[in-house]
Amino acid sequence: MNERTYTMPDAPVVVICIDGSEPDYHREAIKVGRMPWLAKMLESSGSSWEAHCAMPALTNPNNLSIATGHPPAVHGISGNYIFDTESGEEVLMNDKRFLRVPTIFGAANEAGLDVVVVTAKDKLRRLLGAGVVEPGPSLDGTGELVPPSRTGICFSAEKADQATVAENGIENVLEMVGRPLPSVYSADLSVFALAAGAEILRTRGADLMYLSLTDYIQHKHAPGTPAANDLYAEIDHYAAELDALGAVVVLTADHGMSAKTDESGAPNVLYVEDEVRRILGSTGTEPGTDGLRVILPITDPYTVHHGALGSFASVYLPQDADRESVIRSLREVPGIESAMSREAAARSFSLPADRIGDVVVLGTAGTAVGRYAAWHDLSGLDAPLRSHGGLGELQIPFIINRRLPRPEQLTAEYGQPAYVHNYDAFWVATSLLTQHAAASAV
């Protein structure tokens, strides 16, 4: 499907997406003995390669990249939030109508495999469940939404108490997991998703499983801190359990995470809409009133821990604006790593050109980009700002509990080495693994 072939091994395949996990998180946890299974596995029987996420380095685009095996240019999910040019409205990109190709999960389900998808947050459930428990893009490439011929399991930890067989393929989830419903703003949300996946594999079985966690801890706590190590100890525990059940286990991430603060610890924010208005010589702050609109695709329903501040912005200019002049001026602004045209961004980052602005702006690793100050509510920030979206959060872990030859290095993108993308996870765990096993047998 989607021009890639997935050949199942003789074992269940489980991919765990650790939201916001830069590689230092597991490295620091290993150093202090909090991830004993991972440490031993990497020494004896596993593989770990430098990897890149898809751009922008955000949750929805990368989860759907992992789910489809391709970057956003193919699947169409360009952010958590977009300006829908057809409706003229700013909308959350959680609806499957935005999905342009089927997912691996939908294709596997139609092939007769038992598919399980557990997300931490409910915002991803509708997208990842397309073709598994509700209509999804057809496998014939027409783009038409069709109901699955059989159903798998797809639910979120956030709304596990509401799961039903009709809508999620499973019920009585709280009783099954033996844990209370977790708060959406907690590490427990990720732990619940992991525990649910392990329990389903142990009691019901599965062929293909995807567990997508939340970055609540990573937004608040740096690698090596007690809270971070506590979470990664839980990840280690459940990955070990899945391994013991015979699964091929892949640990990767949707994006990394960087501190976005100044020397005093205050948020280091560049307000892009203000900068563009200054460049254009225009006034006003209401979006759309002067033909200028800045979209921050990190925006989602859960903004308490980041205040909708990331490092990627999409700028829609007034019709009479000189785009090249704006780009040149933006490149001179401290804190901006890159400013480029829609066409250049689509080429460089494999993005759908019709779902990004006239200009794309990326902040540096230490800079968050915003619209204008009044648009952001930072009252919920109770820790120094850590966020993501740009090239500073490109590097991610890619670990599999099987010894495999390292692939050839990818084209040196953005000066950061990598051998795979996160969206290669299911291909590595299926086709690459079975190819290697066949070659070894010969």
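The values are calculated or read from the model by the stated rules, or taken from the named source; none is laboratory data. All values derive from a computational prediction rather than experimental measurement. Because the Cβ atoms are built from the backbone with ideal geometry, glycine has one as well, and the counts that use them run over all protein chains shown. Ligands, DNA and RNA are excluded from the accessible area calculation, which covers all protein heavy atoms including side chains. Shrake-Rupley method; radii C 1.70, N 1.55, O 1.52, S 1.80 Å.
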Picking from Met41, Met55, Met209, which is most flexible by a Gaussian network model of the chain using Cα springs under 10 Å? Met41
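Working with all protein chains in place, sort Met93, Met340 by solvent-accessible area computed with a 1.4 Å probe, largest first.
Values: Met93 0, Met340 25 Å².
Largest to smallest exposure gives the sequence Met340, Met93.
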Carbon and sulfur together cover what percent of the accessible area of the chain at a 1.4 Å probe radius? 48
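How high is the relative contact order of the chain, in percent, with contacts defined as C-alpha pairs under 8 Å that are six or more residues apart?
Values: 1050 pairs, mean separation 118.9, N = 442.
So the answer I get is 27 percent.
Excluding Pro72 itself, what net charge comes from residues whose Cβ is under 11 Å from its Cβ, given Lys and Arg +1 and Asp and Glu -1? All intermediate terms of the calculation are to be shown ahead of the outcome.
Details: positive: Arg100, Arg355; negative: none.
Charge balance in the 11 Å sphere: +2.
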Taking R0 as 30 Å and r as the Cβ-Cβ distance between Tyr185 and Ser87, the FRET efficiency 1/(1 + (r/R0)^6), rounded to the nearest 0.05, comes to 0.50
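Rounded, prolate or oblate: which one fits the chain, using the alpha carbon gyration tensor with axes a ≥ b ≥ c (rounded when a/c is under 1.5, else prolate when a/b beats b/c, else oblate)?
Details: a/c = 1.63, a/b = 1.47, b/c = 1.10.
It is prolate, given that a/c is not under 1.5 and a/b is the larger ratio.
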Compute the accessible area per residue over region 16-88, keeping the other protein chains in place, probe 1.4 Å, unit Å². 30
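For region 128-222, what relative contact order do you get, as a whole percent, if you take Cα pairs closer than 8 Å and at least 6 residues apart? It would help to have the intermediate numbers written out before the result.
On the way: 118 pairs, mean separation 17.0, N = 95.
Across region 128-222, relative contact order equals 18 percent.
Quick one: of the DSSP bridges fully inside the chain, what percent are antiparallel, nearest 5? Provide the component values of the computation, followed by the final result.
Working: 29 of 54 bridges.
Beta bridges within the chain, antiparallel portion: roughly 55 percent.
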Computed accessible area, Leu378, all protein chains, 1.4 angstrom probe, square angstrom: 60
Decide, for region 126-204, between rounded, prolate and oblate: order the square roots of the alpha carbon gyration tensor eigenvalues as a ≥ b ≥ c, take rounded if a/c falls under 1.5, and otherwise choose prolate if a/b is larger than b/c, else oblate. prolate
In whole Hz and in residue order, list the ³J(HN,Hα) couplings for region 311-326 that follow from phi through the Karplus curve 6.51 cos²θ - 1.76 cosθ + 1.60, θ = phi - 60°; x for Gly and Pro. 10, 9, 9, 10, 10, 9, 8, x, 4, 8, 6, 8, 4, 5, 5, 4
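Considering only Cα-Cα distances, which of the following residue pairs are longer than 18 Å: Lys31/Lys220; Lys220/Lys260; Lys123/Lys159?
On the way: Lys31/Lys220 21 Å; Lys220/Lys260 11 Å; Lys123/Lys159 10 Å.
Checking Cα-Cα distances, Lys31/Lys220 exceed 18 Å.
What is the mean projected area of the alpha carbon convex hull for region 1-155, to one decimal in square nanometres?
On the way: hull surface 42.7 nm².
One quarter of the hull surface, i.e. the mean projection, equals 10.7 nm².
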Based on alpha-carbon positions alone, could you give the equivalent ellipsoid semi-axes of region 192-323 from the gyration tensor, as √(5λ), descending, whole Å? 42, 19, 11
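Given the rule -39500 (n - 2.57) for each run of at least 4 DSSP H residues, summed and divided by the residues of the chain, what is its mean residue ellipticity at 222 nm, to the nearest 500 deg cm²/dmol?
When only DSSP H runs of four or more count, the value is -8000 deg cm²/dmol.
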Report the full-extension gain for the segment Ala233 to Lys159: residue separation times 0.36 nm, less the Cα-Cα distance, to one decimal in nm. 24.2 nm
